[in-house]
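Nothing in this text is a laboratory measurement; each read-out follows from the coordinates by a stated rule. Only a predicted model underlies this, so the values are computations on that prediction, with no experimental measurement involved. All Cβ positions, glycine included, derive from the backbone under ideal geometry; neighbour counts span all protein chains shown.
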Amino acid sequence: MSITTNFFLAYITTKNEEEALNLANFAVEKNLAACGNIFPKMKSVYKWNKKLQNDDESLLILKTNSSKYPLLKKLIIEKHSYEVPCILKIPIDDGNKEYLKWIDDSLI
């Protein structure tokens with residue numbers, strides 16, 4: 001049985017590892033995220049302006065809570081290099097209680 005929690009993953013694509021690292025450092029430094037994980041290289045396939053695109057991107061996953069997410073999203077959008085950045089809020093339904101407590105404690 002899963003339990004609803006107050007925690008979320010912010011799934012953010014970036015143009016490269018450097019941008020992902022800069023955004024992660026900013027979010028953690030400002031106590032908007034407890035932790036960031038960076039997947040340095042992935043291939044993204046999508047349409048932009050009706051043209052098929054195949055681009056290398058990086059993936060940034062930030063761990064946060066419901067009180068921090070709105071400002072995190074706002075500031076990531078402001079700092080992001082993309083015109084329309086991918087920022088998705090993914091609920092964490094359950095997890096290690098001690099780890100979730102650490103997330104909360106890190107966001108104070």
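Quick one: of K43/K101; K15/K51; K73/K97, which pairs are farther than 23 Å apart, Cα to Cα?
Numbers: K43/K101 34 Å; K15/K51 18 Å; K73/K97 25 Å.
From the list (K43/K101; K15/K51; K73/K97), the Cα-Cα distance tops 23 Å for K43/K101; K73/K97.
Taking 7 Å along the Cα-to-C-beta vector as the label spot, tell me the K43-D93 distance in nanometres, rounded to one decimal.
Spacing of the two 7 Å Cα→Cβ label points: 3.1 nm.
What does the highest-first list of 32-41, 46-55, 8-17 look like by mean Cβ count within 10 Å?
Working: 32-41: 17.5, 46-55: 8.6, 8-17: 19.2.
The packing order, highest mean first, is 8-17, 32-41, 46-55.
Taking neighbour Cβ counts within 10 Å as the exposure measure, how do S44, S58 sort from fewest upward?
Going from sparsest to densest Cβ surroundings: S44, S58.
Given contacts defined as C-alpha pairs under 8 Å and at least six residues apart, what's the relative contact order of segment 21-108, whole-number percent?
The value is 33 percent.
Taking the Cβ of T14 as the centre, find all other residues whose Cβ is under 12 Å away and add up their charges (Lys, Arg: +1; Asp, Glu: -1).
Net charge around T14: -3.
Simple spin-label model, 7 Å along Cα-to-Cβ: L75 to D104 in nm?
About 2.2 nm separates the two model spin labels.
Taking the alpha-carbon centroid of each part, what is the distance from segment 17-31 to segment 52-108 in angstrom?
Each part's Cα centre sits 11 Å from the other's.
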